[in-house]
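Scroll down for the structure; my scribbles are underneath it.
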């Protein structure tokens, strides 16, 4: 019998933890060699007090391991998952997102799977575009030694999306065979808004405005301006013609600083290069004559806020795949 660790990270997700954690403890009480690791990523919603009051038995028995950090200001998917997984003492580690119910007997299912398939790992089927449940993509189970061998989740991925898929890709490159969790008993989640999902991330709350220059139907230059004076630039190329996330021509977001001068010109310093965008007809224009439009539509701006990390992390995924990179965070 393997020792299994279910690892959950929470930043201001008490409304979900108070439903999922008691249910998950109860649904797996028949598997003795199991621990739940709950990592409080500087929550401000009273999670620690709730755990202390409502989980005394699980804490006393060692079934629940609770740790808290008061350092991070914003949520970081990859880094927080790595820290939670490092706290785990199991032979098998499995991510359980705060809004996920394991389902009855999930620990027994994992143990049986790895007994029968020793050179493998488990994940949800994110490759099935018609039947996948994106809120379960964090459900990845692997050997703790394999987690360590690939360096965990790639911490160059910032914000939401693609860290789990990249993690699975690198487990495959390590030589482990991917198996999907197809039993729908293990697919139950609490539905919630995107704001619940990404509201605690740095880029969602700190983007001031966005400027876009449309070069072609499938290529645009984009400047993200942040409230702290920082900025990011990238040339987005949509090789899938609207049917997938674009890639960044520069292979990553290029970061820098910006300010507006007394004439209304936008002065940008990007890692050794200086760019000046001049005001013209309520827009901005560069020396090449490319017009940059400020995104003022609220819905469009919110969509760009959501997709900033998605696009950046997708590019990291693409880079890692092309390089056949197995180990990260070195």
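The values are calculated or read from the model by the stated rules, or taken from the named source; none is laboratory data. These figures come from a predicted structure and were not determined experimentally. Reconstructed Cβ throughout: ideal geometry from the backbone, glycine too, with neighbour counts over all protein chains shown.
Among the residues of the range 98-121, those identified as without any contact (Cβ under 8 Å) to a residue 60 or more places away in the chain and either under 22 Å from residue 11 (Cα atoms) or not in a strand (DSSP E or B) (or both) are 112, 116, 118, 119. Identify all residues within the range 130-164 that are in a helix (DSSP H, G or I) and at pLDDT 95 or above; write none if there are none. Correct list: 144, 145, 146, 147, 148, 149, 163, 164.
Restricting the range 281-327 to residues that are exposed (fewer than 12 other Cβ atoms within 10 Å of the Cβ) and not assigned by TED's automatic domain parsing to the domain that holds residue 221 leaves a set whose member that is nearest to residue 170 (Cα to Cα) is 324. When the range 11-42 is limited to residues that are under 24 Å from the mean Cα position of the chain (by Cα) and part of a loop (DSSP other than H, G, I, E, B), the one that is surrounded by the most Cβ atoms within 10 Å (Cβ to Cβ) turns out to be 13. Among the numbered criteria (1) more than 17 Å from residue 99 (Cβ to Cβ); (2) assigned to a helix (DSSP H, G or I); (3) in contact (Cβ under 8 Å) with a residue 40 or more places away in the chain, which one does residue 5 miss? Condition (2) is where residue 5 drops out. Filtering the range 279-292 to residues that are assigned to a strand (DSSP E or B), in contact (Cβ under 8 Å) with a residue 12 or more places away in the chain and under 36 Å from the mean Cα position of the chain (by Cα) leaves 284, 291, 292. Taking residues in the range 17-43 that are touching a residue at least 12 places away in the same chain (Cβ under 8 Å) and in the same structural domain as residue 93 (by TED's automatic domain parsing), and partners anywhere that are assigned to a loop (DSSP other than H, G, I, E, B) and loosely packed, with under 14 Cβ neighbours inside 10 Å, the pairs with Cβ atoms closer than 6 Å and at least 6 places apart or on different chains are 33/1; 42/70. Here residue 169 meets the list (1) assigned to a helix (DSSP H, G or I); (2) within 30 Å of residue 45 (Cβ to Cβ) almost entirely, failing just condition (2).
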